[in-house]
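What follows is one structure encoded as C-alpha cells, with my remarks underneath.
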Amino acid sequence: LNQLEKAVEAAHTFFVANPEHMEMQQNIENYRATAGVEALQLVDREAKPHLESYNAGVKHYEADDFELAIRHFEQALREYFVEDIECRTLCEGPQRFEEYEYLGYKAGLYEAIADHYMQVLVCQHECVRELATRPGRLSPIENFLPLHYDYLQFAYYRVGEYVKALECAKAYLLCHPDDEDVLDNVDYYESLLDDSIDPASVEAREDLTMFVKRHKLESELIKSAAEGLGFSYTEPNYWIRYGGRQDENRVPSGVNVEGAEVHGLSMGKKLSPKIDRDLREGGPLLYENITFVYNSEQLNGTQRVLLDNVLSEEQCRELHSVASGIMLVGDGYRGKTSPHTPNEKFEGATVLKALKSGYEGRVPLKSARLFYDISEKARRIVESYFMLNSTLYFSYTHMVCRTALSGQQDRRNDLSHPIHADNCLLDPEANECWKEPPAYTFRDYSALLYMNDDFEGGEFIFTEMDAKTVTASIKPKCGRMISFSSGGENPHGVKAVTKGKRCAVALWFTLDPLYRELERIQADEVIAILDQEQQGKHELNINPKDEL
C-alpha cells in the first residue's frame, strides 16, 4: 500500500522481539531506502511504557547524566505500579479447567471457590515476572524491579540528595537484605546526613515496602493453600541477584568519586553474563606444531583462544578441493542462496555428506575423511585447552564458504554474518542474551577453522553486548582456529567479504550427550565401516585402488 512509515513500524516491532531475524532487519533497511529517508522513526508498537522509561534511565545513567536518569527511573516506577494494577485486574477472569477433566471435576462449593481464588492469586503473584518480560521474550529481565532502586540510590547520591539515596538503598535491601555492597552504601549515606536528621528515621521507600509486604503475604497464602488443597507449588526466585547493575559505581566507599576505590565489580562498564560452570583455560594443545597466539585476556574477553597451524597448507588445499565438489548453495538455511546478506553467496556441506560423496567416488575418499579427522582434532583441542571435566560432543559440523557477488560490493555497510551469540538470542537494546528458543541453548563451545586467506574483508570480530563495540578482530588464514564459549559473553560476527571466496570449517559443541549431532553419529558409523573394509583388504592384500 506504499505506507512505508507503518511498514517500518511493523517490521521494527517484530525485529525487537525477534532480534535474530536477519531478513526483517534487511526489510527495514529496504523500506528506509525506498522512502528515501534514512531516519524514518523506528517505533516499537508493542513497547511497554515502564520498560521504555527504564531503558532511557539506564542510558542517561551510563552517560553520567544523573538528573535525567532519576527522572526516567522515577517515571518507570510510576508506570510499573500502574501496569501492575492492570496485570492483576486481568487475572480476575472466570475459573479455568484446563488442568482438569471437566466432567470429572468433583470439588464441592468451598473447594471450587478456593480453587478459583488460588488461580487468580497465583496469576497475580506472577505479575512480577510478567512486567519484567519484554514482548516476544520468554525470560524476564533478572532482578528487574530492585534494579530501579539500585540505580536510583547511586544517582541520588551523585546529585547530593543523600536522604533519597538512603531511602532507595534501604528499599533495595528489602529484596536483598544480605547484599554487602548496598549495606556498605547505607552506612556511608548515613554518615553524610545532616546532624539534624536521625538516620533511623529514614525508612525504605514506601512504594516498594508495600509491594514487597503484599508479595510476601501472597506467597504465604499460596503455600498454605497448596498444602490444604493438595496442589504443588514452588516459589520462584523473583529477585535473582546476578541481575546486578553493571558499572564501577557500586560502592561510594567514603571518598570522592573521582579517586574512589572500586569494590565488588570490575572497572569495566559491562559484566560478562553468568556462565554456569567453572571457567578454566590454558590446558595442553595435544598436537605438535600448533602455535598458541592469544588467550582470553589478549582477545579482551572470556573463554577465547586463537591458535595457528592447526592445518597445514597441503591440508587446506585438499579441503578446498573437497569443498568445490560437495558444497550446496544455502545448505543449512533451507536452500537460501544469501541467508545473511544479499551481497554474498553462501554454500555449505556436512561431514556425512562429504563421506557419502567420498564413498560414491565423487571426491577422493581420503580428502573427505580429512574433513572428518580435522573436525575431531579441533574437538580434542577445545576440550583440552578449556580443561573441561566432561566429554565435549559435536552439536553441528559445517564446512562453509561465503563468496562476494560481483557488482554488489559498492558502498556496502552490512556484515557477512550479523553479530550474534551461538546459544542465546542477543538483544543489544536490553544488553541481554535470552537463552530460550529458537536459540540453540544446548551449545557450549564454538570453533572456526579457516582454510584460506585469498579474499578481501571477512574478518571475524568479537563485540560487546551492544553488538557495536568491537573488542577483537581476527584475520582468517589457512590453519588458523578461533574457539570460544558459545554464550552471551561472546557476541561475534563476520565483516563483509568484498572480493573472493572465504571458506572455513564451523564447529559447535555441547556438553550434553542428548544433543549430539545425529549426522556425526552416522558419520562415525561410516568411518567404522570404512576402517573395517580397509582392514579386510589389507588382510587379503588387495590394493584399494585396484578395488575401486
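One residue is enough: does segment 370-386 have a residue meeting the conditions open to solvent by less than 20 Å² (accessible area, probe 1.4 Å), among the acidic types (D, E) and closer than 23 Å to L279 by Cα?
no
Looking only at segment 330-367, count how many residues are under 22 Å from I521 (Cβ atoms), open to solvent by 30 Å² or more (accessible area, probe 1.4 Å) and over 25 Å from the mean Cα position of the chain (by Cα).
5
Considering only residues that are modelled with pLDDT of 90 or more and assigned to a loop (DSSP other than H, G, I, E, B), which ones fall in segment 129-153?
A132
When segment 130-161 is examined, which residues are found to be open to solvent by less than 30 Å² (accessible area, probe 1.4 Å) and touching a strand residue (DSSP E or B) at 6+ places or on another chain (Cβ under 7 Å)?
Passing the criteria: R137, I141.
If I go through segment 407-453 residue by residue, how many of them are assigned to a loop (DSSP other than H, G, I, E, B), hydrophobic (A, V, I, L, M, F, W, C) and farther than 30 Å from V58 by Cα?
Within segment 407-453, residues that are assigned to a loop (DSSP other than H, G, I, E, B), hydrophobic (A, V, I, L, M, F, W, C) and farther than 30 Å from V58 by Cα number 2.
Here is a list of conditions, (1) closer than 25 Å to Q303 by Cβ; (2) surrounded by fewer than 23 Cβ atoms within 10 Å (Cβ to Cβ); (3) at pLDDT 90 or above; (4) aliphatic (A, V, I, L, M), and A496 meets all of them except one; can you say which number that is?
Going through the list (1) closer than 25 Å to Q303 by Cβ; (2) surrounded by fewer than 23 Cβ atoms within 10 Å (Cβ to Cβ); (3) at pLDDT 90 or above; (4) aliphatic (A, V, I, L, M), A496 breaks only (1).
Being among the small types (G, A, S) and farther than 12 Å from H417 by Cβ is the filter here; which residues of segment 322-349 pass it?
Selection gives A323, S324, G325, G330, G332, G335, G348, A349.
Exactly one condition in (1) within 19 Å of R520 (Cβ to Cβ); (2) touching an Asp or Glu at 6+ places or on another chain (Cβ under 9 Å) is false for D373; which is it?
Tallying (1) within 19 Å of R520 (Cβ to Cβ); (2) touching an Asp or Glu at 6+ places or on another chain (Cβ under 9 Å), D373 fails exactly one: (2).
Is it fair to say F81 is of a type in the set (F, W, Y), under 22 Å from E235 (Cα atoms) and open to solvent by 30 Å² or more (accessible area, probe 1.4 Å)?
So F81 passes the test.
What number of residues within segment 468-517 satisfy the criterion of being touching a residue at least 24 places away in the same chain (Cβ under 8 Å) and not in a strand (DSSP E or B)?
Going through segment 468-517 one residue at a time, the tally reaches 21.
Pairs, please: C-beta under 6 Å, at least 6 apart or cross-chain, first residue within 22 Å of G325 (Cα to Cα) and in contact (Cβ under 8 Å) with a residue 60 or more places away in the chain and in segment 400-413, second of a type in the set (K, R) and exposed (fewer than 13 other Cβ atoms within 10 Å of the Cβ)?
Within 6 Å, no pair qualifies.
Going through segment 84-95 one residue at a time, which ones are open to solvent by 30 Å² or more (accessible area, probe 1.4 Å) and of a type in the set (D, E, K, R)? Let's see the steps before the verdict.
Step one: filter segment 84-95 for residues open to solvent by 30 Å² or more (accessible area, probe 1.4 Å), giving 85-86, 88-90, 92, 94-95.
Result: E86, R88, E92.
Name the pairs: first residue in segment 43-68 and closer than 19 Å to N18 by Cα and open to solvent by 30 Å² or more (accessible area, probe 1.4 Å), second residue part of a helix (DSSP H, G or I) and modelled with pLDDT under 90, Cβ to Cβ under 6 Å, at least 6 apart or on different chains?
V43/E9; D44/T13; D44/V16; R45/E9; R45/T13; E46/T13
Just to be sure I understand the filter: pairs with C-beta atoms under 6 Å, separated by 6 or more residues or on different chains, first member in segment 1-18 and among the hydroxyl-bearing types (S, T, Y), second member surrounded by fewer than 16 Cβ atoms within 10 Å (Cβ to Cβ) and part of a loop (DSSP other than H, G, I, E, B). Which pairs pass?
T13/R45; T13/E46
State which residue pairs qualify: first residue within 13 Å of C123 (Cβ to Cβ) and inside segment 91-104, second residue hydrophobic (A, V, I, L, M, F, W, C) and modelled with pLDDT of 65 or more in any location, beta carbons under 6 Å apart, and separation of 6 or more residues or different chains.
That search, which allows pairs on different chains as well, returns C91/V120; C91/C123; E92/V120.
Does A225 fit the bill of being under 18 Å from Y61 (Cβ atoms) and either out of contact with any Lys or Arg (no Cβ under 6 Å at 6 or more places or on another chain) or modelled with pLDDT of 75 or more (or both)?
No; evaluated as a whole, the condition is false for this residue.
Say we look at segment 513-536 and pick out the residues that are small (G, A, S) and open to solvent by 10 Å² or more (accessible area, probe 1.4 Å); which of these is farthest from the chain's Cα centre (by Cα)?
G536
Can you confirm whether E436 is in contact (Cβ under 8 Å) with a residue 40 or more places away in the chain and open to solvent by 40 Å² or more (accessible area, probe 1.4 Å)? First the steps, then the outcome.
Numbers: in contact (Cβ under 8 Å) with a residue 40 or more places away in the chain: yes; open to solvent by 40 Å² or more (accessible area, probe 1.4 Å): no.
Against the criterion (in contact (Cβ under 8 Å) with a residue 40 or more places away in the chain and open to solvent by 40 Å² or more (accessible area, probe 1.4 Å)), E436 does not qualify.
Mind listing whichever residues of segment 386-399 are farther than 22 Å from S324 by Cβ and of a type in the set (A, V, I, L, M, F, W, C)?
Those that are farther than 22 Å from S324 by Cβ and of a type in the set (A, V, I, L, M, F, W, C): F386, M387, L388, L392, F394.
Scan T510, T469 and give me the residue that is of a type outside the set (D, E, K, R), open to solvent by 30 Å² or more (accessible area, probe 1.4 Å) and within 19 Å of A421 (Cα to Cα).
The match here is T469.
Given the criterion among the aliphatic types (A, V, I, L, M) and in a loop (DSSP other than H, G, I, E, B), identify the matching residue among A165, A204.
A204
For R214, are the conditions met, namely being out of contact with any Ser or Thr (no Cβ under 7 Å at 6 or more places or on another chain), at negative phi and part of a loop (DSSP other than H, G, I, E, B)?
Numbers: out of contact with any Ser or Thr (no Cβ under 7 Å at 6 or more places or on another chain): yes; at negative phi: yes; part of a loop (DSSP other than H, G, I, E, B): no.
No.
The values are calculated or read from the model by the stated rules, or taken from the named source; none is laboratory data. These numbers were taken from a predicted model, which means no experiment stands behind them. Methodologically, a virtual Cβ is constructed for each residue, glycine included, from the backbone with ideal geometry; neighbour enumeration extends over all protein chains shown. For the accessible areas, the whole protein counts, side chains as well, though only heavy atoms, and no ligand, DNA or RNA atoms are used. Shrake-Rupley method; radii C 1.70, N 1.55, O 1.52, S 1.80 Å.
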